[in-house]
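What follows is one structure encoded as structure tokens, with my remarks underneath.
Values in this text are rule-based calculations from the coordinates and carry no lab data. Keep in mind that this is a model prediction, so the values were computed, not measured. Virtual Cβ from ideal backbone geometry, glycine too; neighbours counted across all protein chains shown.
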Amino acid sequence: MPIIVNDLSFTYNAGMPTETTALRNVSFTAERGEILSIVGHTGSGKSTLVQHLNGLILPQSGKITVDGLSVRKVPSDLRKIRKSVGLVFQYPEQQIFAETVSDEISFGPINWGYSGRELDKMVFDAMDSIGLDRSLLRSNPFSLSGGQKRRVAIASVLASDPEYLVLDEPTAGLDAAGIRELVSLLNERAAKAKGVIHVTHDLELALRISTKILVLAEGSVAAFGTPSETAEMLCEKYIDGLVLPEVLALSSELMKAGMVSGITWEPTQLLKMITEGRRVAF
Amino acid sequence: MNFGIQISLNGAEYRYPESVKKSLCGLDLEIRAGEWIAVLGPNGSGKSTLLKLLNALLVPTQGICLVDGQDTTETDAPVNIHAKVALVFQNPEDQIVASVVEEDTAFGPENLGLPSAEIRERVKNALIITGLWEKRKSPVSSLSGGQKQRLALAGVLAITPKCLLLDEAMSMLDPASRRDFLSLVKAEHEKGTTIVQVTHSLDEISDADRVIFLTDGKITWQGGAQEFLSQSCDTLGKINLEKPSISILRDELVKLKLIHESTNADARSIMKELCR
């Protein structure tokens with residue numbers, strides 16, 4: 001069963017002069033075995049939305065269900081939902097609290113009742129899957145570099161092996177090797193029929209790795225579909241604050257000028273289209 | 001004109017107290033007044049530590065760091081240097097101190113002991129150029145991650161620094177806000193401010209005067225930004241960097257002689273060349 005978000009709205013500081021509506025009537029479904037990317041401009045409501053998925057924020061209006069369980073103020077249900085939906089925060093410092101990497105990563109599994117060899121295996125597997133060197137086990141996570149801290153934050157959620165992995169801007173601060181490791185991790189999770197929900201402002205990355213893309217603008221759903229459907233929609237309709245990846249923008253212009261046969265965000269694909277287009281023209 | 005300042009590192013080393021490994025190993029670096037330097041390197045190569053030496057948050061465990069002629073180990077160095085050299089952190093939460101946007105922006109100038117009329121003026125300018133003026137009365141907690149990053153920059157611009165240190169300061173911004181942020185940095189550079197910018201994104205470095213590449217706390221490459229960017233994908237891949245897709249396409253089109261080699265790596269320039 002999936003995560004179903006139905007007609008979700010949320011307003012910060014309701015009734016105050018600083019009232020801000022973060023989400024307006026958002027609906028979508030996140031299936032297991034899929035990588036769903038949520039993209040949108042700064043302040044479009046992405047982080048507010050994902051914090052709803054494990055009940056950190058409870059819906060003000062609308063409904064969310066996780067595998068049939070409703071996200072609402074029922075402690076026993078919320079405990080099940082939080083075991084099922086693991087959220088990696090936007091800033092590792094918001095999440096990390098322990099004095100050693102080992103304590104940090106084992107905290108989740110210990111809370112769910114794991115111990116001994118099984119616990120050790122969970123910690124090691126989580127570290128390996130995100131390229132975190134085992135020699136760092138005794139290190140203080142706060143003394144690590146930005147990229148390593150991010151890996152600790154991801155490993156600590158991964159260690160509990162949640163059914164749905166939700167990551168808020170996980171690539172910020174990662175080098176190219178880190179991003180590659182992260183992408184292969186997301187693919188592995190999806191291949192194991194786990195759900196992956198990934199917030200990013202990098203539309204190009206989203207187009208490259210996702211099964212589905214949800215585009216948020218000013219708190220509303222501006223597009224929802226496969227990467228191809230999303231790319232087509234975005235080339236047709238301008239969304240304030242959302243910049244098209246350069247290769248996609250170029251392919252769209254070339255198509256309008258009749259110089260290529262379709263749109264794409266892949267440089268090698270566009271190169272092929274351009275050379276084919278030239279052959280036809282001459 | 002806001003003349004930037006010069007910084008020099010001479011055999012500078014740094015080792016964190018709890019660590020066995022040095023984060024920076026004998027760095028020699030001369031940063032000229034008004035120069036824009038981009039610092040690249042893999043995670044854990046010492047980039048953030050370098051920035052902390054440059055604004056005297058840390059002092060070298062060996063070697064010397066001179067900021068505007070002053071040794072950072074001198075007792076009054078932090079006070080003098082913090083009025084001239086401002087650091088925008090990777091995580092804006094590390095530097096936001098107040099609960100309301102305009103109060104946070106006023107924190108720096110207030111600490112410099114400026115008259116209140118000038119503080120108000122500086123806060124207003126900083127919030128207008130960072131696009132946060134409308135949000136001046138908002139609680140910081142209501143801002144998104146990207147807006148917090150802009151607030152961190154506003155707080156720093158309000159002290160009108162002579163040197164701006166950016167630690168992946170654009171990592172949480174969407175592409176549109178990134179362009180805006182980058183043009184703010186360009187405007188600061190044009191005023192003469194010295195810029196030292198740490199990043200993983202090659203599309204942010206084309207305006208830098210010099211690129212330095214760090215590996216395990218040492219400078220392993222330095223040269224011009226265009227020279228750095230002209231390296232092949234394979235070479236960049238080996239040092240853990242990814243060329244932007246549009247640059248990959250541009251290079252291939254140049255190789256096929258479909259566009260001129262002087263064409264910039266952006267959709268508009270390539271389109272113009274292809275239609276020529």
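Some points to look at:
- Taking 7 Å steps out from each Cα toward its Cβ at A:Gln60 and A:Ala98 produces label points 3.6 nm apart.
- Local charge for A:Trp112 was computed over the other residues whose Cβ lies under 12 Å away, with Lys and Arg +1 and Asp and Glu -1, and equals +2.
- Note on region B:108-218: lysine pairs with Cα distance below 15 Å, sequence gap of 8 or more or different chains, count 6.
- Alpha carbon centroid spacing (whole Å) that separates region A:222-261 from region B:152-220: 29
- Mean ellipticity per residue at 222 nm, deg cm²/dmol - from DSSP H runs of n ≥ 4 across chain B, formula -39500 (n - 2.57): -10500 deg cm²/dmol
- Spin-label pair B:Glu134/A:Ser143, simplified geometry with 7 Å Cα→Cβ offset, distance in nm: 4.6
- Under a model in which nothing but the beta-carbon of Lys, Arg (+1) and Asp, Glu (-1) is charged, region B:83-202 shows a dipole of about 280 debye around its Cα centre.
- Dipole magnitude for the protein assembly as shown: computed about the Cα centre from +1 point charges on Lys and Arg Cβ and -1 point charges on Asp and Glu Cβ, it is near 880 debye.
- Ranked for footprinting exposure by Cβ neighbours inside 10 Å, fewest first, B:Glu188, B:Glu118 give B:Glu118, B:Glu188.
- Each of A:His41, B:His260, A:His198 has some number of other Cβ atoms within 10 Å of its Cβ, and from fewest to most they run B:His260, A:His41, A:His198.
- Linear extension gain, A:Ser76 paired with A:Arg134, 0.36 nm per residue minus alpha-carbon span: 17.4 nm
- Between B:Asn264 and A:Lys256, the simple label model (points 7 Å from Cα in the Cβ direction) yields a spacing of 1.9 nm.
- Calculated [θ] (222 nm, deg cm²/dmol) that DSSP helices of n ≥ 4 give over chain A, each run adding -39,500 (n - 2.57): -12500 deg cm²/dmol
- Under 11 Å, Cβ to Cβ, from B:Arg15 - net charge with Lys/Arg +1 and Asp/Glu -1: 0
- Using only Cα coordinates, the Kirkwood hydrodynamic radius of region A:106-262 works out to 17.8 Å.
- Computing FRET efficiency as 1/(1 + (r/R0)^6) for B:Lys124 and B:Tyr16, where r is the C-beta to C-beta distance and R0 is 41 Å, gives about 0.55.
- Three principal axis extents describe the C-alpha atoms of chain B; from largest down they are 61, 47, 35 Å.
- Residue mean of other protein chain beta carbons inside 10 Å, B:36-48: 3
- Cα long-axis angle, helix A:116-129 against chain A (0 to 90 degrees, to the nearest 10): 20
- Two-decimal Rg to Rh for chain A - Kirkwood Rh, Cα set: 1.02
- Size of electric dipole in region A:106-254: Cβ of Lys, Arg +1 and of Asp, Glu -1, about Cα centre, debye, nearest 20: 700
- Solvent-free Debye calculation, one equal scatterer per alpha-carbon of region B:111-213: log10 I(q)/I(0) at 0.11, 0.19, 0.24, 0.25 Å⁻¹ equals -0.35, -1.00, -1.45, -1.52.
- Antiparallel bridge percentage (DSSP; both residues within the protein assembly as shown; nearest 5): 50
- For region A:54-182, Kirkwood radius (reciprocal of mean inverse C-alpha pair distance, Å): 15.3
- The residue list B:Gly11, B:Trp221, B:Val79 was ranked by how far each Cα lies along the charge dipole of chain B toward its positive end, using unit charges on Cβ atoms, and B:Trp221 comes out on top.
- Listing A:Ile64, A:Ile57 from fewest to most neighbouring C-beta atoms within 10 Å gives A:Ile57, A:Ile64.
- For chain A, share of DSSP beta bridges that run antiparallel, in % to the nearest 5: 50
- Tilt relative to chain A, helix A:101-111 - C-alpha long axis, 0 to 90 degrees, to 10: 80
- Distribution of pairwise C-alpha distances over the protein assembly as shown, 10 Å bins, in %: 3, 16, 26, 27, 19, 7, 1, 0
- Of all DSSP beta bridges in region A:141-282, antiparallel share, percent nearest 5: 50
- A dipole drawn for the protein assembly as shown from +1 and -1 charges on Cβ atoms has a positive end, and of A:Val50, A:Tyr164, A:Pro109 the residue lying farthest that way is A:Tyr164.
- Cα Rg, Dmax, region A:134-218, angstrom units: 13.7, 44
- Label point 7 Å beyond Cα of B:Val97 along Cβ direction - residues of region B:54-77 with amide nitrogen under 19 Å: B:55-58, B:76-77
- The base-10 log of I(q)/I(0) for region B:12-129, evaluated at q = 0.10, 0.15, 0.16, 0.23 Å⁻¹, reads -0.39, -0.83, -0.92, -1.37 [Debye formula, identical scatterers on Cα atoms, solvent excluded].
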